Amino acid sequence: MFRRLKWIGVLGMMLLPALMICAEQRFPPPDFESGYSLPSPSTPPTRCLWLQYADAGVFLAALAVAVWLIYKKRSRRGLFWLSLFSLAYFGFYRKGCLCPIGSPQNVVYGLFNPDYAVPVTALIFCFAPIAVTLFAGRAFCAGVCPQGALQDLVLVKPVAVPLWLEEALGVVPFIFLGAGLVCAGTGTGFVICRYDPLVPFFRLSGGTFILTAGAAFLLAGMFVGRPYCRFLCPYGGLLRLASLASKWRVRVTPDVCTQCRLCEQSCPFGAMREPAPAESNPASPAPERKRLAWLLALLPLLIIAGAWAGSKLSPAAAQLDPGVALAERYARQQSHPARYGLMTPEALSLDRAAANPGAVLASAADMRHRFDLACWLFGGWIGLVIGVKLIALSVRSGRTDYEPDRGACVACARCFTACPNERVRLGLAPAGGESAPS
Amino acid sequence: MNAKPPADAPVTRRQFLRDGARLMTMTGLGVAAGALAARSTSGAWVWQTDPAKCLHCGNCATQCVLEQSAVKCVHAYAVCGYCQLCTGFFTPEPGDLTTAAENQLCPSGAIKRTYVEDPYYQYSIDEELCIGCAKCVEGCNRFGNGSLFLQIRHDRCLHCNECAIARTCPGQAFRRVPVEHPYLLKTTSR
């Protein structure tokens with residue numbers, strides 16, 4: 001009996017170090033006698049680096065071709081084929097990722113999170129279209145963006161959106177841009193990518209919500225030209241701003257505008273604006289000037305009010321972050337225990353929080369601080385957007401001809417061939433108008 | 001009417017504002033791009049899941065944007081005990097230690113069990129069949145050596161800017177890793 005106990009003791013002494021070292025390996029790997037060689041797990045490589053640079057090269061080349069087609073060739077047909085190529089390459093081949101629409105998030109995430117180094121390709125995708133737009137208008141939207149190309153394809157019968165609705169919905173992209181950058185800057189997530197309704201079509205898979213939203217956008221896109229670009233796309237908002245300062249712009253007519261309004265009907269995106277009537281009486285714009293002055297005075301108030309409202313939004317917005325949401329659920333669980341199913345993600349994450357509550361709560365508190373500042377800025381941004389929109393609506397345009405609105409024009413080149421003077425230039429119509437023999 | 005102004009026409013206020021805005025934006029873009037490019041990486045980042053943090057919840061099978069998740073089970077053979085009764089392969093109380101379907105834990109029959117020598121069996125994953133549900137990972141980690149674990153397979157991954165699984169991962173096991181080292185494999189020297 002004693003001998004057996006001693007034997008067990010010796011065995012235990014021998015096993016103890018083994019247990020301490022191989023805490024994970026409950027069953028030691030066998031020594032094979034049959035000459036069996038251990039396979040190693042396969043690690044299929046990711047897409048090689050030079051292909052990613054090739055993508056960026058194709059992107060830059062497509063931008064250059066788009067500019068050439070708009071300004072030199074003035075060719076809608078060429079732009080159409082270019083946009084089909086972009087749809088095939090950046091859309092269906094590259095599955096819509098990485099696209100310029102989401103790339104500002106990478107940039108902002110990189111600016112606020114030093115651990116993340118923004119890839120060079122993301123920088124190119126983000127900055128190149130903006131730089132091009134500063135000189136040549138929204139050539140990216142016209143010929144390179146796969147989302148725009150897809151919406152252009154489904155456009156059947158464009159109806160005119162009332163100007164008031166167009167201008168009112170026009171602030172949505174900027175608000176979405178602000179929300180996306182807040183989420184990216186705090187490190188919560190890339191919401192612009194998550195709620196891109198057209199990318200699921202490129203991937204041919206996606207969640208119910210986003211597929212429904214995408215289908216709704218495409219259905220609406222049959223009658224409203226490019227609804228996503230005009231009323232939601234945050235990058236479109238950025239390019240709209242850049243386009244306001246562009247050096248060159250799309251000109252409908254090669255020389256003289258006859259004010260025939262044909263171009264106005266040819267634009268499916270409501271970008272064509274009629275000439276602002278020349279002021280005959282210098283005293284008449286006084287009320288307009290007064291309104292402008294009031295709006296300029298209102299702008300700081302709007303920003304302050306927005307910032308205040310935004311700071312109130314912070315606790316709710318912080319819930320978007322999974323870490324904060326977990327911390328709150330953990331705190332709730334302490335006071336009002338709820339039962340979650342065994343091995344469900346909810347229960348598992350609560351277990352993780354319970355194992356180390358200090359770390360989870362501390363990181364949540366840090367994230368809440370980030371959100372405090374971000375929501376403050378976000379609210380101010382919304383105030384600024386609304387204020388500037390109101391001011392922009394009150395500024396006289398000084399147009400003498402039918403011209404595309406600088407910001408709204410996506411440079412799709414549809415209006416070129418609608419202009420009778422352009423048709424004369426191209427030799428499609430006889431010169432001289434009525435005097436020509438019929 | 002639409003004639004261009006002569007070249008020596010004075011700069012209008014609008015033109016001045018426009019030029020100024022363009023100059024400022026270009027400067028801003030240049031500064032931002034330069035600052036970011038200075039500490040930028042030539043390569044990209046890819047998503048990967050850390051097996052040390054994975055809680056085997058099953059989200060990977062359902063949350064990926066792909067119909068067939070890009071996350072698959074991977075087997076670290078060097079960690080494996082080559083058990084006859086593999087708790088990653090067999091249901092908790094198998095009627096028989098055979099590869100009959102009712103004994104298998106894997107819902108898609110993606111684990112192949114082959115005899116090596118008495119009493120050892122090799123278990124390998126058929127990636128075409130694996131759906132990334134982590135049932136075997138849970139079984140292996142709870143009772144065995146933990147040689148089965150989940151990894152994003154980069155030949156399947158679409159490299160979304162934000163991984164859809166990462167957002168819902170209860171263990172926050174997903175993170176961006178440099179493309180030079182795209183896998184976080186389990187080894188014996190843990």
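The values are calculated or read from the model by the stated rules, or taken from the named source; none is laboratory data. Small disclaimer: the values here were computed from a predicted structure and weren't measured. Methodologically, a virtual Cβ is constructed for each residue, glycine included, from the backbone with ideal geometry; neighbour enumeration extends over all protein chains shown.
Annotation note: of B:Asp126, B:Asp118, the sole residue that is more than 19 Å from B:Ala76 (Cα to Cα) and acidic (Asp, Glu) is B:Asp118.
Of the residues making up the range B:126-139, not a single one is farther than 19 Å from B:Cys60 by Cα, at pLDDT 90 or above and out of contact with any helix residue (DSSP H, G or I) (no Cβ under 6 Å at 6 or more places or on another chain). A single entry from A:Cys415, A:Cys375 fulfils the requirement of being surrounded by 20 or more Cβ atoms within 10 Å (Cβ to Cβ), not assigned by TED's automatic domain parsing to the domain that holds A:Ala297 and not β-branched (Val, Ile, Thr): A:Cys415.
Residues that are within 11 Å of chain B (Cβ to nearest Cβ) and assigned to a helix (DSSP H, G or I) do occur in the range A:407-427. Taken together, A:Gly187, A:Gly143, A:Gly102 contain a single residue that is touching a helix residue (DSSP H, G or I) at 6+ places or on another chain (Cβ under 7 Å), within 13 Å of chain B (Cβ to nearest Cβ) and crowded, with 24+ Cβ neighbours inside 10 Å, which is A:Gly102.
Against the numbered list (1) out of contact with any strand residue (DSSP E or B) (no Cβ under 9 Å at 6 or more places or on another chain); (2) in the same structural domain as A:Gly221 (by TED's automatic domain parsing); (3) hydrophobic (A, V, I, L, M, F, W, C); (4) surrounded by 13 or more Cβ atoms within 10 Å (Cβ to Cβ), A:Val256 comes up short only at (4). The single residue among A:Ala136, A:Ala117 that is crowded, with 22+ Cβ neighbours inside 10 Å, of a type outside the set (Lys, Arg) and either modelled with pLDDT of 95 or more or out of contact with any His (no Cβ under 9 Å at 6 or more places or on another chain) (or both) turns out to be A:Ala136.
What residue, of A:Ala331, A:Ala354, is modelled with pLDDT of 90 or more, more than 33 Å from the chain's Cα centre (by Cα) and either at the interface with another protein chain (Cβ under 10 Å from one of its Cβ atoms) or farther than 23 Å from B:Ala166 by Cβ (or both)? When all the criteria are applied, what remains is A:Ala331.
Could you please let me know if A:Leu111 is within 11 Å of chain B (Cβ to nearest Cβ), closer than 25 Å to A:Cys233 by Cα and not polar (S, T, N, Q)? When the stated conditions are applied, A:Leu111 passes them. Restricting attention to the range B:141-158, and to residues there that are within 10 Å of the chain's Cα centre (by Cα) and buried (at least 24 other Cβ atoms within 10 Å of the Cβ), which single residue is farthest from the other protein chains (Cβ to nearest Cβ)? Among residues in the range B:141-158 that are within 10 Å of the chain's Cα centre (by Cα) and buried (at least 24 other Cβ atoms within 10 Å of the Cβ), the one farthest from the other protein chains (Cβ to nearest Cβ) is B:Leu150. Pairing residues of the range A:244-273 that are more than 12 Å from every other protein chain (Cβ to nearest Cβ) with residues that are part of a loop (DSSP other than H, G, I, E, B) and of a type in the set (Asp, Glu), at Cβ distances under 6 Å and at least 6 apart in sequence or on separate chains, gives A:Ala271/A:Asp405; A:Arg273/A:Asp405.
The one condition from (1) facing chain B (nearest Cβ under 10 Å); (2) under 15 Å from A:Leu239 (Cβ atoms) that A:Thr121 does not meet is (2).
When B:Gly109 is tested against the conditions (1) in contact (Cβ under 8 Å) with a residue 12 or more places away in the chain; (2) buried (at least 17 other Cβ atoms within 10 Å of the Cβ), the lone failure is (2). For the range A:68-105, a residue qualifies if it is β-branched (Val, Ile, Thr) and either outside any helix (DSSP H, G or I) or modelled with pLDDT of 95 or more (or both), and exactly one does: A:Ile101. Among the residues of the range B:159-171, just one is assigned to a loop (DSSP other than H, G, I, E, B) and surrounded by fewer than 20 Cβ atoms within 10 Å (Cβ to Cβ), namely B:Gly171.
Note on the range A:395-412: among residues that are in contact with a helix residue (DSSP H, G or I) (Cβ under 9 Å, 6 or more places away or on another chain) and exposed (fewer than 15 other Cβ atoms within 10 Å of the Cβ), the one that is modelled with the highest pLDDT is A:Val395.
Highlighted here are the helices (runs of 4 or more DSSP H) found entirely within the range A:153-260 that include at least 2 residues which are closer than 20 Å to A:Pro129 by Cβ: A:172-186, A:191-194, A:199-203, A:227-231, A:234-244. For A:Ala338, the test of being assigned to a helix (DSSP H, G or I) and either at negative phi or exposed (fewer than 13 other Cβ atoms within 10 Å of the Cβ) (or both) is failed.
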